[in-house]
1. Just checking, does segment 106-124 include any residue being hydroxyl-bearing (Ser, Thr, Tyr), touching a Ser or Thr at 6+ places or on another chain (Cβ under 9 Å) and farther than 17 Å from Ile200 by Cβ?
2. Gly189 - would you say it is part of a loop (DSSP other than H, G, I, E, B), in contact (Cβ under 8 Å) with a residue 60 or more places away in the chain and out of contact with any Cys (no Cβ under 8 Å at 6 or more places or on another chain)?
3. Here are some conditions: (1) under 22 Å from Asp96 (Cα atoms); (2) small (Gly, Ala, Ser); (3) not in a loop (DSSP other than H, G, I, E, B). Ser166 meets all but one. Which one does it not meet?
4. Give the residues of segment 163-178 that are in contact with a Pro (Cβ under 6 Å, 6 or more places away or on another chain) and surrounded by fewer than 19 Cβ atoms within 10 Å (Cβ to Cβ), sorted by residue number.
5. With respect to the numbered conditions (1) free of Cβ contacts under 8 Å to residues at least 40 places away in the same chain; (2) closer than 25 Å to Thr179 by Cα; (3) among the charged types (D, E, K, R), which one is the sole condition not fulfilled by Asp84?
6. Would you check if Glu72 is in contact (Cβ under 8 Å) with a residue 12 or more places away in the chain, more than 24 Å from Ser198 (Cα to Cα) and open to solvent by 20 Å² or more (accessible area, probe 1.4 Å)?
7. Going through segment 179-209 one residue at a time, which ones are surrounded by 15 or more Cβ atoms within 10 Å (Cβ to Cβ), over 19 Å from His167 (Cα atoms) and among the charged types (D, E, K, R)?
8. Which residue is farthest from Val47 (Cα to Cα), if the candidates are limited to segment 103-145 and must be open to solvent by 80 Å² or more (accessible area, probe 1.4 Å) and hydrophobic (A, V, I, L, M, F, W, C)?
Amino acid sequence: MRCNDTATISRRDVLITAAATTALSAAEAKAQPAGAQAESEGQTMSVSLAVNGSQQTLELDTRTTLLDALREHLHLTGTKKGCDHGQCGACTVIADGRRINSCLSLAVMHQGGSITTIEGLGTPDRLHPMQAAFIEHDGYQCGYCTPGQICSAVAVLDEIRRGIPSHVTADLTAPAEPTGLEMRERMSGNICRCGAYSNIAEAMAEIAGRPA
């Protein structure tokens with residue numbers, strides 16, 4: 001290759017230059033002060049949480065999401081990692097009585113808080129009523145999104161009981177009612193790729209004592 005007809009650069013020259021640049025960058029990174037390296041690697045913090053009624057203390061990178069703290073550090077793998085962008089609801093847990101997407105929340109934000117995952121709602125020999133209703137109404141197929149769906153469903157009925165309105169609440173001066181429209185709107189952030197929505201609605205309606 002010719003540049004302005006004054007010098008010739010071969011492929012070999014390009015490779016040698018690239019290798020030298022990479023080696024220099026690595027040497028400079030190694031020569032960084034220990035504090036600078038630690039800063040680039042992130043900081044750790046002791047985080048205390050009450051998870052499913054059990055007190056847990058973890059030493060975590062401050063960038064660790066609540067989802068990863070639950071799955072990778074506490075091995076509570078019932079909470080699923082779906083889109084990892086807060087769009088599918090598979091990672092829904094109940095934090096201090098409120099449902100959240102745990103993939104969008106840092107663990108350090110819940111210092112001293114209370115977290116309930118699907119494992120904390122019920123056990124195989126003592127199911128939560130919502131878990132039993134999902135089984136009775138076939139509210140799942142592949143089951144991947146089911147833990148998030150159930151956590152969200154439990155929290156939705158609690159929201160309605162507490163009178164928290166939604167976008168479809170007709171009368172904001174009156175307590176919200178667990179109508180089919182209310183429950184479906186509130187569950188819209190939880191995606192079921194298998195399409196078991198009608199069965200999920202029926203399971204929730206049974207627990208709410210209302211038609212789906």
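The values are calculated or read from the model by the stated rules, or taken from the named source; none is laboratory data. Bear in mind the structure is a predicted one, so any value in this text is a computation, not a measurement. All Cβ positions, even for glycine, are placed from backbone atoms using ideal geometry, and neighbour counts span all protein chains on display. Side chains included, ligands, DNA and RNA excluded: accessible areas come from the protein's heavy atoms. Shrake-Rupley method; radii C 1.70, N 1.55, O 1.52, S 1.80 Å.
1. yes
2. Criteria met by Gly189.
3. Every condition holds for Ser166 apart from (3).
4. Matches in segment 163-178: Gly163, Leu172.
5. (2)
6. Working: in contact (Cβ under 8 Å) with a residue 12 or more places away in the chain: no; more than 24 Å from Ser198 (Cα to Cα): yes; open to solvent by 20 Å² or more (accessible area, probe 1.4 Å): yes.
No, not satisfied.
7. The answer is Glu202, Glu206.
8. Filtering segment 103-145 for residues that are open to solvent by 80 Å² or more (accessible area, probe 1.4 Å) and hydrophobic (A, V, I, L, M, F, W, C), the one farthest from Val47 (Cα to Cα) comes out as Ile135.
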